[in-house]
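Have a look at the structure below before the remarks.
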Amino acid sequence: MTDAKSAIPRVPTQLYLISPLEVGGDFPDRLTRALEAGNGPDGQCVTAFQFRVKGFEGSAGQHEAAALGEPLREICAAHDVAFIVNDDIALAKRLKADGVHLGQDDGTVAEARDALGMQAQIGVTCHASRHLAMEAGEAGADYVAFGAFYPSTTKDKGDAERPEPEILEWWSQIFELPCVAIGGITPENCPPLIAAGADFLAVSGAVWNGDEAKAVKDFVEVLRDGNV
């Protein structure tokens, strides 16, 4: 893992969208609207999308999940947005995803790299732990994710320790590896995370629980102010 990040210019914070659990019906159209709202003539603010579904077990479940994911992968490809699969290395491989996001119990970086190849983008959930983040970096992860920073129904960790923005500042000042802030993030509460050095804001409910295009535009406005 490379350190001495101080010599590297700061990359503006960008959005990393996480899907709701329900991605059928009109969700492909909603995803398209969200990506178009975030990527315009002034630049690209949405750079990644995580396909996060639960309860698709066994071969039949994998087939159903893949059927839901494929049109979303195509939409992401058309908008130059990385398509990341949550928790499931086999599904990521089946969908020819750009990468996979691993929780602490979802396999190792080495297993994901072996299955998906050297070009895959592999992220690791590190909660509020500096130790887990450094371990992920040493293992060859492409990014680390800290959170939940705020109360979240998407990433409910119960009594898990909640990180403070200082962990982003610590990480971004020392390590080159990008860091993602996650958990209950809204346009109103994200400025401290941007200021602390988050490379990406991972957002879900704040976008999909209402008008996705307006929500993304609200994030974009805050990001552009915070990234100046």
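The values are calculated or read from the model by the stated rules, or taken from the named source; none is laboratory data. Here the structure is a predicted model, which means the values were calculated and not measured. Because the Cβ atoms are built from the backbone with ideal geometry, glycine has one as well, and the counts that use them run over all protein chains shown.
Some observations on this one:
- Qualifying residue in the range 51-63 (condition: within 14 Å of Val207 (Cβ to Cβ), out of contact with any Phe, Trp or Tyr (no Cβ under 7 Å at 6 or more places or on another chain) and surrounded by 18 or more Cβ atoms within 10 Å (Cβ to Cβ)): yes
- Residues of the range 86-107 classified as surrounded by fewer than 16 Cβ atoms within 10 Å (Cβ to Cβ), at pLDDT 95 or above and not small (Gly, Ala, Ser), total: 1
- Checking each residue in the range 104-158 for being touching an Asp or Glu at 6+ places or on another chain (Cβ under 6 Å) and without any contact (Cβ under 8 Å) to a residue 24 or more places away in the chain picks out Asp106, Ile122.
- Counting residues in the range 161-174 that are among the small types (Gly, Ala, Ser) and in contact with a helix residue (DSSP H, G or I) (Cβ under 8 Å, 6 or more places away or on another chain) gives one or more.
- Flag if His127 is modelled with pLDDT of 95 or more, outside any loop (DSSP other than H, G, I, E, B), buried (at least 17 other Cβ atoms within 10 Å of the Cβ) and not small (Gly, Ala, Ser): no
- Of note, Ala110 satisfies the criterion of being in contact with a Gly (Cβ under 9 Å, 6 or more places away or on another chain), within 20 Å of Phe175 (Cβ to Cβ), at pLDDT 95 or above and surrounded by fewer than 18 Cβ atoms within 10 Å (Cβ to Cβ).
- Considering the range 68-87, and only residues there that are outside any helix (DSSP H, G or I) and of a type in the set (Val, Ile, Thr), the residue that is farthest from Phe200 (Cα to Cα) turns out to be Val85.
- Scanning the range 38-67 for residues that are out of contact with any strand residue (DSSP E or B) (no Cβ under 8 Å at 6 or more places or on another chain) and assigned to a helix (DSSP H, G or I) yields Gly58, Ser59, Ala60, Gly61, Gln62, His63, Glu64, Ala65, Ala66, Ala67.
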